[in-house]
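The values are calculated or read from the model by the stated rules, or taken from the named source; none is laboratory data. Just so you know, these numbers come straight off a predicted model, no measurement behind them. Every residue, glycine as well, gets a Cβ built from its backbone with ideal geometry; the counts of neighbours run over all protein chains shown. Protein only, heavy atoms only, side chains kept; ligands, DNA and RNA dropped before computing areas. Shrake-Rupley method; radii C 1.70, N 1.55, O 1.52, S 1.80 Å.
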Amino acid sequence: MMHEELMYWQALNSALDIEMAEDSSVFTLGEDVGLFGGTYRVTEGLYSKYGEARVRDTPISENSFTGLGVGAAMVGMRPVIEIMTVNFALLALDAIINMAAKIPFMSGGQYPMPLVVRMPGGVAKQLGAQHSQRLEHTLMNVPGLRIAVPVTPQDAYWQLSQAISSNAPIILLEHELLYFTKGLIDSSVERLPMHRALVRRKGRHITIISYSRHVLLCLQAAELLAKQGIDAEVIDLRSLSPIDWDTCVQSLEKTNRLLVVEEDCGFAGAGAEIVAQLTERCFYALDEPPIRVAGLDIPTPYNQALEATSIPQINDIVTAARQFRLPA
């Protein structure tokens with residue numbers, strides 16, 4: 001029984017190790033997943049334990065090895081694809097969108113798709129415009145895909161394990177700045193459903209909804225707001241497809257004010273969909289128009305100061321929350 005503090009990458013490594021030990025149909029492939037142990041160490045030690053047949057290094061050919069995973073899933077294997085960064089997933093979108101997401105529907109369910117695609121991404125530290133992208137808006141527009149966005153090591157452990165056991169194609173979006181964060185892993189507690197949102201902080205004045213790394217920033221902002229007399233509830237979506245609307249609605253019916261925070265660009269992004277859906281569902285519960293805090297609609301700058309300015313920071317969240325007119 002595991003009950004220990006692990007880093008985020010170690011939690012993913014443990015989940016993959018356990019699933020590979022229990023099911024010989026689970027294998028992983030991607031660039032540098034074998035001898036090197038993965039770009040962020042997630043496959044470290046698995047090559048020596050399970051061998052080349054189940055921990056496969058591939059050439060730089062994202063669409064080809066993702067397509068290989070699709071084919072393997074069609075014949076009963078459970079592949080876990082690691083795409084080195086989400087930016088390179090643009091080259092694999094044909095396999096992901098046209099094949100993985102559609103084959104179960106087009107085959108009338110004859111071919112389930114137990115495929116997991118793991119993608120590190122987000123704005124890290126001066127990686128430039130081509131290596132700092134957030135593609136959740138692209139993937140959310142693909143019917144048939146499920147998208148998990150774990151922020152804690154516990155969720156990384158749970159959601160990778162659940163994804164491998166699922167018969168649906170699942171994207172795991174892992175923020176690059178989370179790999180070396182630490183958290184407690186307790187395998188004895190009951191697992192939340194993979195798509196279930198979680199209230200990370202209870203509050204009564206404002207509902208702040210976010211996902212991935214920015215949940216941590218929202219929690220820090222909420223503590224600053226509390227010192228100013230503003231009690232914010234923070235919801236971690238944990239999944240972008242499907243989204244757990246019930247948890248969001250329940251919170252909004254209590255606080256009556258909605259703030260959505262995301263690292264991705266505001267235009268046509270996840271936040272736009274969240275605000276639209278919750279305005280439809282909670283229009284008469286809202287006391288004020290929802291507010292969005294999002295990344296700027298520009299390619300991410302390389303310059304460190306400009307890079308920080310291009311995505312929401314803690315002070316931006318605090319400033320946005322203070323725009324609401326709270327009851328005296």
Counting just the residues of segment 16-46 that are in contact with a Gly (Cβ under 8 Å, 6 or more places away or on another chain) and under 22 Å from M74 (Cα atoms), which one comes out surrounded by the fewest Cβ atoms within 10 Å (Cβ to Cβ)? S25
Considering (1) touching a Phe, Trp or Tyr at 6+ places or on another chain (Cβ under 9 Å); (2) in contact (Cβ under 8 Å) with a residue 60 or more places away in the chain, say which one I81 fails and leave the rest. (2)
With the checklist (1) open to solvent by less than 10 Å² (accessible area, probe 1.4 Å); (2) over 12 Å from the mean Cα position of the chain (by Cα); (3) not polar (S, T, N, Q) in hand, flag the one item L177 doesn't pass. (1)
The one condition in (1) over 17 Å from T39 (Cα atoms); (2) over 17 Å from the mean Cα position of the chain (by Cα); (3) open to solvent by 20 Å² or more (accessible area, probe 1.4 Å) that K125 fails to fulfil: (1)
For a quick check of your reading of the model, give me the residue pairs whose first member lies in segment 301-328 and is closer than 18 Å to H205 by Cα, whose second is in a loop (DSSP other than H, G, I, E, B) and of a type in the set (D, E, K, R), with beta-carbon atoms closer than 7 Å and at least 6 apart or on different chains. F324/R257; F324/E288; R325/E288
Boolean, E44 is in a loop (DSSP other than H, G, I, E, B), under 22 Å from P153 (Cα atoms), free of Cβ contacts under 8 Å to residues at least 60 places away in the same chain and charged (D, E, K, R): yes
Of the residues S165, S187, which single one is under 30 Å from M106 (Cα atoms), surrounded by fewer than 17 Cβ atoms within 10 Å (Cβ to Cβ), in contact (Cβ under 8 Å) with a residue 24 or more places away in the chain and among the polar types (S, T, N, Q)? S165
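Name the one entry in V42, V33, V26, V80 that is touching a Lys or Arg at 6+ places or on another chain (Cβ under 8 Å) and within 19 Å of V151 (Cα to Cα).
Working: V33 fails: within 19 Å of V151 (Cα to Cα); V26 fails: within 19 Å of V151 (Cα to Cα); V80 fails: within 19 Å of V151 (Cα to Cα).
Every option except V42 fails the conditions.
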Residues of segment 168-192 satisfying the condition of being touching a helix residue (DSSP H, G or I) at 6+ places or on another chain (Cβ under 8 Å), in a loop (DSSP other than H, G, I, E, B) and not basic (K, R): A168, P169, Y179, F180, T181, S187, L192
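Of the residues L198, L160, L192, which single one is among the aliphatic types (A, V, I, L, M) and touching a residue at least 60 places away in the same chain (Cβ under 8 Å)?
Details: L198 fails: touching a residue at least 60 places away in the same chain (Cβ under 8 Å); L192 fails: touching a residue at least 60 places away in the same chain (Cβ under 8 Å).
Only one candidate qualifies: L160.
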